[in-house]
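Here's the structure we're looking at; comments come further down.
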Amino acid sequence: MEIFGKSKEGWLKGFLELPNGIPSHDTFGRVFSLLDAQQFQDCFLEWVKAVNDVTRGQVIAIDGKTVRRSHDKTLGKSAIHMVSAWASENRLVLGQTKVAEKSNEITAIPELLALLDVSGCIVTIDAMGCQKEIARLIIEDSGDYVLALKEN
């Protein structure tokens with residue numbers, strides 16, 4: 001976060017007062033560890049809606065990724081797997097949902113779609129998300145979809 005903050009300091013100063021510059025990596029870590037994850041997500045989504053101009057026909061790519069180094073073998077914690085929605089034209093993550101343990105992207109994608117307004121957008125999802133229910137949710141929100149399939 002510190003590196004990102006330093007690279008975007010000029011832009012951030014349009015929203016924030018930064019009299020002491022960008023906080024350190026450790027400071028970000030302490031602050032984030034104290035935040036309520038659900039409240040942070042709700043606030044983040046409201047902020048994204050306020051600063052993001054989703055245009056008709058914009059591509060929203062939904063994909064899952066495992067967060068590197070998020071596991072802890074000594075505590076028996078497996079790695080965190082997240083599903084994200086990326087607005088390709090705006091180069092912005094619109095939202096993310098954590099995949100529940102012993103679950104998969106198929107259950108997380110509908111949760112993510114419920115957070116988003118995809119009307120007028122084209123939603124792309126890889127083979128994992130090729131489900132009739134997921135396609136139905138996108139259509140009900142007045143969006144279009146491209147679902148990628150593999151030959152196997």
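When you filter the trypsin sites (Lys or Arg not before Pro) in the range 65-152 for DSSP loop state and at most 13 other Cβ atoms inside 10 Å of their Cβ, you are left with Arg68, Arg69, Arg91, Lys102, Lys150. Only one item in (i) 2, 8, 14, 19, 19, 15, 11, 8, 4, 1, 0, 0; (ii) 2, 9, 18, 20, 19, 14, 10, 6, 2, 0; (iii) 2, 8, 11, 13, 13, 12, 11, 8, 6, 5, 4, 3, 2, 2, 1, 1, 0 matches P(r) over Cα pairs in 5 Å bins from 0, in percent derived from the coordinates shown, and that item is (i). Charge dipole of the chain (Cα centre as origin; +1 on each Lys and Arg Cβ, -1 on each Asp and Glu Cβ, all else neutral): 520 debye, rounded to the nearest 20.
Sorting Leu12, Leu35 from the fewest to the most surrounding beta carbons within 10 angstrom yields Leu35, Leu12.
The GluC sites (Glu not before Pro) of the range 65-152 that DSSP puts in a loop, and whose beta carbon has at most 12 other beta carbons within 10 Å, are Glu101, Glu151. Sparse packing (at most 16 other Cβ atoms within 10 Å of the Cβ) combined with a DSSP loop state is found for the following chymotrypsin sites (Phe, Trp or Tyr not before Pro) in the range 9-114: Phe15. Springs join every pair of Cα atoms under 10 Å in this Gaussian network model of the chain, and among Gly21, Gly129, Gly29 the largest mean-square fluctuation is at Gly21. Using a cutoff of 8 angstrom between alpha carbon atoms and counting only pairs six or more residues apart, the relative contact order for the chain works out to 17 percent.
Counting only DSSP beta bridges with both residues in the range 55-147, the antiparallel share comes to about 65 percent. Kirkwood's formula applied to the C-alpha pairs of the range 1-77 gives a hydrodynamic radius of 15.9 angstrom. A straight line joining the Cα centroids of the range 86-152 and the range 1-61 runs 23 Å. Under a 5 Å amide H cut-off, with hydrogens placed 1.01 Å from N, Gln58 pairs with Ile122 among residues at least 5 apart or on other chains.
Here Thr124, Thr97, Thr74, Thr66 are placed in order of increasing Cβ neighbour count within 10 Å, fewest first, which gives Thr74, Thr66, Thr124, Thr97. Taking other C-beta atoms within 10 angstrom as a stand-in for reagent exposure, Leu34, Leu92, Leu113, Leu147 fall in the order Leu34, Leu92, Leu147, Leu113, fewest first.
Each value in this text was obtained by applying a stated rule to the coordinates, not by laboratory testing. Computed from a prediction, not measured in an experiment: that's the story for all the values here. Cβ: placed from backbone, ideal geometry, glycine included. Neighbour counts: every protein chain shown.
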